[in-house]
Amino acid sequence: MLECVKHAGDFVITGGRIATPDHVLEDGWLSVSDGRISALGTGTPPGGPETEFVDVGGSLVVPGFIDTHCHGGGGSSFSTLDADEVLTAVRAHRRHGTTTTLASLVSDPIDLLTGQIAALRELVQEGELAGIHLEGPFISRARCGAHDPDTLREPDTRTVEKLLRAGHGAIRMVTLAPELPGGVKAVRQLAETGVLAAIGHTDGVAEQLVPAIDAGATVATHLFNGMRPLHHREPGPVGVLLDDERVTVELICDLVHLHPTVVRLAANHAGQGRTVLITDAMSATDAADGRYTLGRLEVDVHDGVATLPNGSLAGSTLTMDAAFRNLVKGAKLGILEAVRATAGRPAELLGIADRTGSLRPGLAADAVVLDDDLHPTRVLRQGEWVAEVGRATLST
């Protein structure tokens, strides 16, 4: 289990700018009881002589970040059979404010994937992870990015069922290329079992994508990256996924994968109801530059940018606090838009908005205290302060 600094009893955060779903409460307070938010407001906080007050000195308090697409961090990967390695990666991102993590696996042989799923499944059951995301192996060779092409395959009902069965309900999302034989059928299979079907790493054209959305695909895996680009006579995945109101779009907001203008255009078009920021972080996140592996491939990290030997981007070294900053400072969007894209909408997507994702009474006390430069100074998870808080290496 991860190390947290446990408060003795209940407490009240005071002197904060509390970011609720609708507005920011100036001179706000937030009361925590039994790991949950019991109340919040402005002005004089409740409590008596025995109440513990935590004064944050005018800092911005936002909901704990929710990352729906992350491969590792702190020098460790989620593509492993070692639970301690997984927890090292979770810990690295938790230091940067991610209180809810969906562990993403890259393409691997099916038998190896089932073992990795089993290892992650236990941590899902323990509450350290919110679930598992399979980014492959049912993706396009032409757009496979940092996935080993030798591990890719077409989706078939039996293989999809085998992977889902290995998860025992822990698999929450699967990314696939719908133009592959059996792709649309697999989307329908996933949707019918309550798993999010995501379209990504695809070379499909519009006519191949719309049937997949009709069949139940609801997520665009890191829009723009790993897919046929937008063209004015053939919109491809970017145009179709961005323009369809049924689809939530992931954006890697490191300002390397996407230019700030592109982030702003996509977020403005999709709106707060369909925009989710992700890290797509690999093991080098919150670690030194050098050589790492992503799945079965070697990755070089220089100045925080991860690439394959051919120069192609290979995930990121982004953390969610940096994504939040980049949306506000780089793409010039508002605080509440950033709150929504890093917590509110991801919680809705995962079906956990009744538990976390916003600062409201009754929800888990998951929160991040940000300084004037939007760097985290404190992280609260389920009413406990995370022991260490760090700074991302890749930010504006």
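Odds and ends about this structure:
- Matching option when the condition is surrounded by fewer than 18 Cβ atoms within 10 Å (Cβ to Cβ), under 24 Å from A198 (Cβ atoms) and in contact with a strand residue (DSSP E or B) (Cβ under 9 Å, 6 or more places away or on another chain), among R355, R340: R355
- The numbered conditions (1) touching an Asp or Glu at 6+ places or on another chain (Cβ under 7 Å); (2) more than 17 Å from G216 (Cα to Cα) are all true for G136 except (1).
- Any hit, the stretch 270-293, residues being assigned to a helix (DSSP H, G or I) and touching a helix residue (DSSP H, G or I) at 6+ places or on another chain (Cβ under 9 Å): yes
- Of L40, L120, L102, all but one fail to be surrounded by 20 or more Cβ atoms within 10 Å (Cβ to Cβ), more than 21 Å from I278 (Cα to Cα) and either in contact (Cβ under 8 Å) with a residue 12 or more places away in the chain or under 16 Å from the mean Cα position of the chain (by Cα) (or both); the exception is L40.
- The single residue among R325, R345, R274 that is touching a Leu at 6+ places or on another chain (Cβ under 6 Å), outside the structural domain of G16 (by TED's automatic domain parsing) and either surrounded by fewer than 24 Cβ atoms within 10 Å (Cβ to Cβ) or of a type outside the set (A, V, I, L, M, F, W, C) (or both) turns out to be R325.
- Cβ-Cβ under 7 Å pairs, at least 6 apart or on other chains, the stretch 186-197 side in a loop (DSSP other than H, G, I, E, B), far side surrounded by fewer than 24 Cβ atoms within 10 Å (Cβ to Cβ) and modelled with pLDDT of 95 or more: T193/L164; V195/L164; V195/R172; V195/M173
- Scanning the stretch 162-174 for residues that are free of Cβ contacts under 8 Å to residues at least 40 places away in the same chain and either part of a helix (DSSP H, G or I) or closer than 24 Å to H222 by Cβ (or both) returns L164, R165.
- Here A215, A220 are screened, and the one residue that is hydrophobic (A, V, I, L, M, F, W, C), surrounded by 24 or more Cβ atoms within 10 Å (Cβ to Cβ) and without any contact (Cβ under 8 Å) to a residue 60 or more places away in the chain is A220.
- Residue match in the stretch 286-300 (condition: within 13 Å of the chain's Cα centre (by Cα) and not aromatic (F, W, Y)): no
- Residue match in the stretch 106-115 (condition: outside any strand (DSSP E or B), surrounded by fewer than 20 Cβ atoms within 10 Å (Cβ to Cβ), touching a helix residue (DSSP H, G or I) at 6+ places or on another chain (Cβ under 7 Å) and among the hydroxyl-bearing types (S, T, Y)): yes
- Single residue of the stretch 235-269 satisfying the filter (touching a Lys or Arg at 6+ places or on another chain (Cβ under 8 Å) and not in a strand (DSSP E or B)) that is farthest from V305 (Cα to Cα): E245
- Each residue in the stretch 294-315 was checked for being surrounded by 15 or more Cβ atoms within 10 Å (Cβ to Cβ) and closer than 21 Å to P137 by Cβ, and 10 pass.
- Only residues that are buried (at least 24 other Cβ atoms within 10 Å of the Cβ) and hydroxyl-bearing (S, T, Y) were counted across the stretch 56-75, and they come to 1.
- Complete set of residues in the stretch 315-345 that are more than 20 Å from V24 (Cβ to Cβ) and not hydroxyl-bearing (S, T, Y): G315, L318, A322, G330
- Output for the stretch 123-161, where each listed residue is part of a helix (DSSP H, G or I) and either among the polar types (S, T, N, Q) or surrounded by 16 or more Cβ atoms within 10 Å (Cβ to Cβ) (or both): L123, V124, Q125, R143, T151, T157, T159, V160
- Verdict on V90 being of a type outside the set (K, R), in contact (Cβ under 8 Å) with a residue 24 or more places away in the chain and assigned to a strand (DSSP E or B): no
- Pair list, Cβ < 8 Å and 6+ apart or interchain, from the stretch 285-305 residues that are aromatic (F, W, Y) to residues that are exposed (fewer than 15 other Cβ atoms within 10 Å of the Cβ): Y292/E298
- Selected residue (only one of H259, H232, H201 is assigned by TED's automatic domain parsing to the domain that holds T175 and crowded, with 19+ Cβ neighbours inside 10 Å): H201
- A single entry from A266, A270, A284 fulfils the requirement of being in contact with a Phe, Trp or Tyr (Cβ under 6 Å, 6 or more places away or on another chain) and of a type in the set (G, A, S): A284.
The values are calculated or read from the model by the stated rules, or taken from the named source; none is laboratory data. The shown structure was predicted, so the numbers you read here are calculated from the model rather than taken from an experiment. Using ideal geometry, Cβ is built from the backbone for each residue, glycine included, and neighbour counts are taken over all protein chains shown.
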